1. Quick one: would you say VAL178 is out of contact with any Ser or Thr (no Cβ under 6 Å at 6 or more places or on another chain), surrounded by fewer than 23 Cβ atoms within 10 Å (Cβ to Cβ) and assigned to a strand (DSSP E or B)?
2. Against the definition (surrounded by fewer than 23 Cβ atoms within 10 Å (Cβ to Cβ) and of a type outside the set (Lys, Arg)), how does PRO333 come out, yes or no?
3. Considering GLY365, GLY348, which residue is closer than 30 Å to ARG248 by Cβ and at pLDDT 95 or above?
4. Check whether at least one residue in region 420-437 is of a type in the set (A, V, I, L, M, F, W, C), in contact with a Lys or Arg (Cβ under 6 Å, 6 or more places away or on another chain) and outside any helix (DSSP H, G or I), and report yes or no.
5. Quickly run through region 365-385 and pick out the residues that are more than 16 Å from the ligand (Cβ to nearest atom) and open to solvent by 10 Å² or more (accessible area, probe 1.4 Å).
6. Scan region 351-362 and give yes if some residue there is among the polar types (S, T, N, Q), surrounded by fewer than 24 Cβ atoms within 10 Å (Cβ to Cβ) and out of contact with any strand residue (DSSP E or B) (no Cβ under 9 Å at 6 or more places or on another chain), otherwise no.
7. On the basis of being under 26 Å from the mean Cα position of the chain (by Cα), free of Cβ contacts under 8 Å to residues at least 24 places away in the same chain and closer than 25 Å to PRO202 by Cα, does GLU427 make the cut?
8. Tell me which residues, restricted to region 248-298, are under 19 Å from ARG501 (Cα atoms) and surrounded by fewer than 14 Cβ atoms within 10 Å (Cβ to Cβ).
Amino acid sequence: MNSRPHILVIGSGLAGMYYALSVSSKANVTLVCKNNLFDSNTFWAQGGIAAVMSQGDSIQRHIADTIEAGDGLSELNAVTELLSKAPEVITKLLREGLHFTQNTDGTLNLSREGGHSNPRVVHIQDRTGEYLIKNLASKIEHTQSITVIENTQIVDLYMKDKTCVGAWAINKTSNELVLIRANLTVLATGGAAGIFKQNTNPAGATGDGYAMAWRAGALLSNMEFVQFHPTMFYTKSGNSFLISETLRGYGAELKLPNGSSFMKQYHKLESLAPRDIVSRAIADQMQLLKIPCVYLDTTIFSEKELSDQFPYIFSQCIQFGVNPARQMIPVVPAAHYFCGGILTDTSGKTSIPGLAAIGESACTGLHGANRLASNSLLEALVMADNCSRLTSTYLVDQIYSGKPLLNIAPANLIHDEQIQQTASPLELQNMMWNFCGIIRTETTLKLFKNVLTQQMIEIKSNIRKYGLVPALIEQMNRTQTAFLVTDAAWKRKESRGCHLRRDFPKKLSNGVKSIAIPCIDEQLIHIFENTISV
Ligand code: SIN
């Protein structure tokens, strides 16, 4: 093997970017993103990074809070390892020039979020993700060994002898099919909350990593545990923007339209209970009272305080016609985060040689059945760091010699844009919301599974007919991810964490993680096997 290996990183959220930079001194890295470097879930993360950074707090308390939120499915070894490394990672970011919000005495300003027994969320105002991504992007721009390829949709992982040796991709500008060969492929593709009608994610969160890993034969776990964030700003038309939990940590309270509080009857921590409990309580009240939303009361704070402490949320509310210092903010729960994913250890090792997965695309056992707020950016950073340290042990030899990038561009694989209509996400998003949303039940899950199975067959036939059109590949990824969630939700005959079954309201005494049955369908690239020669 060449002394400098080639690593393909797919996805430009915190995990992908931090990994690329961490490994860049020992490898040549190609970082591929579907749209651009700034289009990721991380970019929109408001809250921050959970880490024990104050005297009055302890790793043991952080572990206990995480385990409690995880509702019996968090894995103690993973939790202990990932959380113990949090202070070290934050200290490193501070050394690298990240300016986290500080108190007037120069100490870190730590905010509080649901399920945390202590304030421990390190943040940059209410735009933590945006600042992190901009900081990393400027470092990547100045790192010669990292090549960024934007506007490129991955079709499938490139598999040889059950080993991953790169990926097939469509360059959306040139419409060329490209083979990217690599000694290690790292999936940092984020989650898939975008497959639900109401969600807090950017449109690109379509489950690409889950689906392509599944098609390649990787093991996936706990896909039924989709976390619904309790407070997205409510609009009649649908998606809007997130109202960070840190606002509740700061003292804002959930209320009914008549101004009365309702959380006391659901949990002792009231508005700051773990997310699954708060989202469910809101859904319960909305159904009971037949109201389209509940409210977050921020009127105890002045305009100045809100715009100083939460500048992004304040300005967004004003744009949407609500002055949060005078009016309560209308909020609804929305799909937010996938607690499950591609089965890995805490360093991103998957069940496939040559393939690693980090960040939201992975399932390490940290989140269990429900993620504790702000543990996700932390997991992304620690996993990226762990994965870069172990990279030399993950590398595989490529079974060929040649250039890492190969442009193939067979004309018969590319078709025009007519198919965009057929590939619209709306129908699937509505069905996910109604049949596999916050409250689930046997009949609809079973029915929906059959619908999805049929749809996967139809999409495949469209791909055969129209070619590897990016919109169709995304549609397949959305549909296969929806299938994985629905199948796992159907099989889990209990209610636990963020998975609520109306017909099985109790938690079983011994919780076990779920593993998805391996994909029986072939990779999309195989449809065109005879027309491609490598
Ligand atoms: C929030 O700011 O409420 C979101 C943070 C998270 O999802 O952990």
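1. Yes; evaluated as a whole, the condition is true for this residue.
2. no
3. Numbers: GLY348 fails: closer than 30 Å to ARG248 by Cβ.
Sole residue among the options that is closer than 30 Å to ARG248 by Cβ and at pLDDT 95 or above: GLY365.
4. Among the residues of region 420-437, not one is of a type in the set (A, V, I, L, M, F, W, C), in contact with a Lys or Arg (Cβ under 6 Å, 6 or more places away or on another chain) and outside any helix (DSSP H, G or I), which makes the answer no.
5. Within region 365-385, ASP385 is the sole residue that qualifies.
6. Filtering region 351-362 down to residues among the polar types (S, T, N, Q) leaves 351, 361.
From what's left, surrounded by fewer than 24 Cβ atoms within 10 Å (Cβ to Cβ): 351.
Applying the additional criterion that residues be out of contact with any strand residue (DSSP E or B) (no Cβ under 9 Å at 6 or more places or on another chain) yields none.
No, region 351-362 has no match at all.
7. Values: under 26 Å from the mean Cα position of the chain (by Cα): yes; free of Cβ contacts under 8 Å to residues at least 24 places away in the same chain: yes; closer than 25 Å to PRO202 by Cα: yes.
Judged against the criteria, GLU427 is a match.
8. The initial filter retains those residues of region 248-298 that are under 19 Å from ARG501 (Cα atoms), namely 266, 274-288.
Across region 248-298, the qualifying residues are GLN287, LEU288.
The values are calculated or read from the model by the stated rules, or taken from the named source; none is laboratory data. These numbers come from a predicted model, not from an experiment. Methodologically, a virtual Cβ is constructed for each residue, glycine included, from the backbone with ideal geometry; neighbour enumeration extends over all protein chains shown. Ligands, DNA and RNA are stripped out before the accessible areas are found, and what is left, the full protein with its side chains, is counted by its heavy atoms. Shrake-Rupley method; radii C 1.70, N 1.55, O 1.52, S 1.80 Å.
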